[in-house]
Amino acid sequence: MTEATAAVAHDHPHAGIMRWLTTTNHKDLGILYMSFGGIMFFVGGLFIMAVRAELLYPGLQLLSPGMYNQLFTLHALIMVFGAIMPFATGLNNYLIPLMIGAPDMALPRVNNWGFWILPFAAVLLLIPFFLQFFGTGSGATGLGWMMHNTTLDIQSGIGIDFAIFTILLLGVSSLTGAINVVVTALNMRAPGMVLMKMPLFVWAWLITAFMLILAMPVFSAAATMLLTDRHFGTHFFDAANGGDPILLQHLIWFFGHPEVYIVLLPAWGLIPHILATFSRKPVYGYRAQVYALCAICFLSFIVWSHHMLTSGLPLAAEVYFMYATMAISVPTSVLVFCWLGAIWRGAMTFETPMLFALGFVAHFGMGALTGLVLPDVAVNAQHHNSYVLVAHFHYTFFGGGIFGMMAALYYWLPKFTGHMFDEKLGRLHFWLTVISFNITFIPQWFAGLDGMPRHVADYALRFSAMNFISSVGAFLLGLTQLLLVYIVVRCVRGGPKATGQVWEGAQGLEFTLPSPPPYHTFETPPEVK
Amino acid sequence: MELAGASIHDDPAIRVWRLPFSFCSRHETANFHIRQIKKQLPLWFWIAFFLFVSEPAHAKSIWDFQEPVTPVARTSLAASVEFMRIIMGIYIAVFAVFAYSIFKHRKSSGAQPGTFTGPGSRRQWILAITPFLLLIYIDYIWMGIPAFHAISRMEDTRTAADMTVKVTASQWKWQYEYPDEGISFVSAMATSQGQIHGREAKGEHYLLEVDNPLILPTNKKVRILLISTDVIHSWWVPSFGVKRDAVPGYLREMWVNIEKPGIYRGQCAQLCGDGHSFMPIVVEAVAEPQFNEWVAQKKAQSSQAEAVAGKAWSREELMAKGDEVYKVVCSACHQADGKGLPGAFPALSGSSIVNGPMLDKEGHLFKDGHLDRVMNGKPGTAMQAFKNSLSDAEIAAVVTYERNSFGNRMGDMVQPAQVKALR
Amino acid sequence: MNEHEKRERRTVWLVVALMLLVAVIYAATFIKLPVWLPALK
Amino acid sequence: MDEALRQANRRLTIKLLLMVAAATGFAFALVPFYDLLCKVTGLNGKTGAAVQIAQAAKIDTARWVTVEFTGAVMPGMSWEFRPAQTRMRVHPGETAKTSYLAKNPTNRTMSGQAVPSVSPGWTAEHFNKIECFCFQRQVLQPGEAREMPLVFFVSPELPADVHEITLSYTLFPVSG
């Protein structure tokens, strides 16, 4: 018996806590992943609240610079690896088998393993941060999320080593998850569902999984090399013995750039579902979107050095990376075009998921367009490592990634719980998020254009006004998210019954099931025409 | 010569960071900030007004950098403004269509959903392809060609430079060197810890002021060589439009040609540890005659210092001078009474290093001895190599002073000439 | 061999192939990238 | 739980423990393995960089290239280290000789390793060192000063755009 059939053979879940610890059921694991992502979203948010509180006024009020560095580094690592990626993985766990008519993921036990690595990785990352309050060690890593400075001199102590082990663990977790997705999507589809009929969300995740498989080992290897450099006397990144500190940047950005798309692709995959549902139209430009996603996947691997245009690359490399990066705008605009096509001449209604999807398009559009400016090397010399960059990637990561995840959450929440959420509160949450998000990040453009570097705990007086507004916006944005908790908890507890279809225009196999779907689904595969 | 001012190392609060939450914000400083912000608020409203209301003709004032004073900065500002206009244009065009669709194609206004899944007619295909052709045109021709010229100008090696300046970055200061003139000095932040921690009012150039600015002549092509001696730093003056990393062990270069005299301020732009925010760059651009005057003056100073170092100093002279230097350079960490700060900065009083040997019989520097520490610093700590920033006489004086103060009674002294020989 | 067994076999091969791919990239980063990348400097 | 299942679980536990032990062992074996790999393949410069012998390169007397020299000392080295001259003008292809001065003013025998770097970086392949102190570690006795010679030529293939090349040596402390 294989794992797949073995899992199905367990008819009933364990009771209580054992159910969640031992589960190999894709729906249970999906919920675990998503809950973990949600919790980490608030942990990472809390950290950035402290950072923004420090930046409210010029001068050092609350934090020492070392503490400040730790807080923004942990914020970034937690948000990317702890919140957005696990949440997207949770969605794929829950939805891919339902969307392709499979009984479960192909490797359910591996799936369980992949999830249970995550809490330990998170603990490992955070341990040094808390230990310092008890006088042990010098705190967590404070090098920025990609650790792109040479770590040999910048920070001794255990923080970076713990971060390295965290990265290695996350690598294992992501890779098992990715392999699982690839195998499931390629091998477990219901009869009749050819690849070109696979829902776009599954396509996006299949491509994401391939990106993970290609990029994550490089990141793990870079982390291992860093570890051996720090403790075992190798000299990969140590200039003293022929190593090259810039090599570390190359390796890390070789992963780091695809990582940006790993965060965004799942959202790009689910946006067409939502737009189509609430426009009551079929998906627009399905093939074009699949090809665009593939093209972005390919391009993301050949443009990494645009993150290091100020590190002194040769002229030829600068020109190449500039033009290659600009090429990404073409497949990305194909996606935007298809999103426009999805709502054009539809019959739209504006429930919360639709609002978030449209908010995604508007904010991601801003992030993407400014991304068109940044590769221009001359302009990049000005924008690189300034607050312009901070604003830019928050428009893509928050305006893209998180808005997408929230759209997905609202869209499938009635399917997961069987209850409708409070629509009024959902809309309130959306508008408050949009307003406070823009109050937070628009001023950062101007601070950056005016010459404010990022990663600074303190700033010159000319940046005061912008930072004050930005901090106030950030506090609002943080508070607003508490509303999301309230909405989700209330929806889980009860509320009006959701139908199987949930939304009037919803299509797809997952909406042929009752809400919530039974513990085991599609044990006999459905026939797809 | 001016002495290095208090730097980030001097601040006990930064070292004692097991207590990160020091609630030292004072009311009067908070009021001060609010006044500052009120003063700047109209600017913000103004910008918001232009961003959302005005036509692109005003766009230049929105997307302004700090005043560009080099050809490269002017080029990149122009490119940035034009590019920003283009993307705002694209954004407005695309989202106008979105907005139209959102208002027209709603269920509540009785719209009937279409069933199409892609462009149908030839007209629709043309409509679908055009934006992409336009985008490619923008990417590779409209902005792409000027961008190429801008880069080749930025990396220009065709024209020879008029002079060279070498910048050596270290945590958290810059050392500037004019190899052809034989001038070298260290430039560190001059803002006081009191201002940073809200005990004093913040000055106009808070965090953007240094003890020794880099002096450059205007209208000269200056090649700037960059290197680091610890981690990666990045040298950035927004008005110059150039930014480049200083990498340990690897030489990098860029160039500036400043067209307008003035004082230009920038900061380190690569996260480089705790003092990253406190590593400002100040460049004073002056006309060539003034620059030559400054060089002559610097040279006179150093030959004067050399002459002073050449003579034999009496103990009294050394002690008096040492007291002076100690107050400015050392007392912030090691304290006025030489007792240091337990757990953060070691005491000099009764220290085994201060009370240990500094020179051996042949006159060689005792490795890790007192004089070696003062001259070459201790890696990985706040104790920096003062031979880069202090003169022979100053080092000799302060070392002699430390060995014969705070209850230390070594009784010996060191002459500037000896220090000179040990550099 | 029925359809089910065929699928199982495919699953196993796919997993093995993907894991090999991961291992190769991981090893190549150590061995090859330091050799390739100097070309970029 | 039936007996068969319990037995199967026990076997699995033992297998997993063995795997952990094997993985730990492998991790320890990696260091000698890596050393061997480096020795065999010459990776990471372990075999030492080969000195390029000047071919009878044609001297391009029509062009001048300015070569600048500079030096940096890493913290922890109490040495003085600087070029004997800051710049010289050479013809591409012409063999030139200069030197760096190093002095160990301390009372301890110390060794350092100079790591070269050329700017603009992409001209490094056109900058050929025939004799260079950077290939071996330099040991200086207490108080010893040494003039370290450097013989080089700039390749005639150097693009015509380049007029200035800077050579920098960073002196790193060598411990152990």
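Data table
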| quantity | calculated |
| --- | --- |
| Largest-first principal axis extents of the Cα set of region B:117-168 (Å) | 64, 23, 9 |
| On Cα atoms only, tilt of A:159-187 relative to the major axis of chain A in degrees | 30 |
| When the convex hull of its Cα atoms is projected in every direction, mean area for region A:420-492 (nm²) | 5.5 |
| Calculated log₁₀ intensity ratio I(q)/I(0) where the Debye formula runs over C-alpha points of region B:283-392, q = 0.10, 0.21 Å⁻¹ | -0.42, -1.30 |
| Proportion of all alpha-carbon pairs of region A:359-431 beyond 16 Å (%) | 58 |
| Loop-located GluC sites (Glu not before Pro) in region B:173-268 whose Cβ has at most 11 other Cβ within 10 Å (DSSP) | B:GLU204 |
| Cα→Cβ-extended label distance, 7 Å offset, between A:LYS529 and B:ALA344, nm | 7.7 |
| Cα pair count fraction exceeding 40 Å, expressed as % - region A:3-512 | 19 |
| Calculated P(r) of region D:65-173 - Cα pairs past 23 Å, % | 28 |
| Gain in span if fully extended, A:PHE42 to A:ARG427, counting 0.36 nm per residue against the direct Cα distance | 136.6 nm |
| Under 5 Å, built H, 5+ apart or other chain: amide partners of D:THR106 | B:LEU365, D:GLY143 |
| Whole-number D in µm² s⁻¹ for region A:62-207, Kirkwood Cα-pair radius fed into Stokes-Einstein, 37 °C, 0.692 mPa s | 194 |
| Between 0 and 90°, nearest 10: helix A:403-417 axis offset from chain A longest Cα axis | 30 |
| Euclidean distance between Cα centres, region A:319-343 to region A:364-399, Å | 15 |
| Taking the convex hull of Cα positions in region B:290-331, its mean projected area over all directions (nm²) | 3.9 |
| Angstrom value of the Kirkwood radius, inverse mean 1/r, which spans all Cα pairs in the protein assembly as shown | 32.3 |
| Length released on extending from A:PHE232 to A:LEU483, taking residue separation times 0.36 nm less the Cα-Cα span | 85.5 nm |
| Over region B:182-252, volume per residue of the alpha carbon convex hull, in Å³ | 135 |
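Bear in mind these aren't lab numbers, they're just calculated from the coordinates by the rules spelled out. Being a predicted model, the structure only gives us computed values, none of them experimental. Virtual Cβ from ideal backbone geometry, glycine too; neighbours counted across all protein chains shown.
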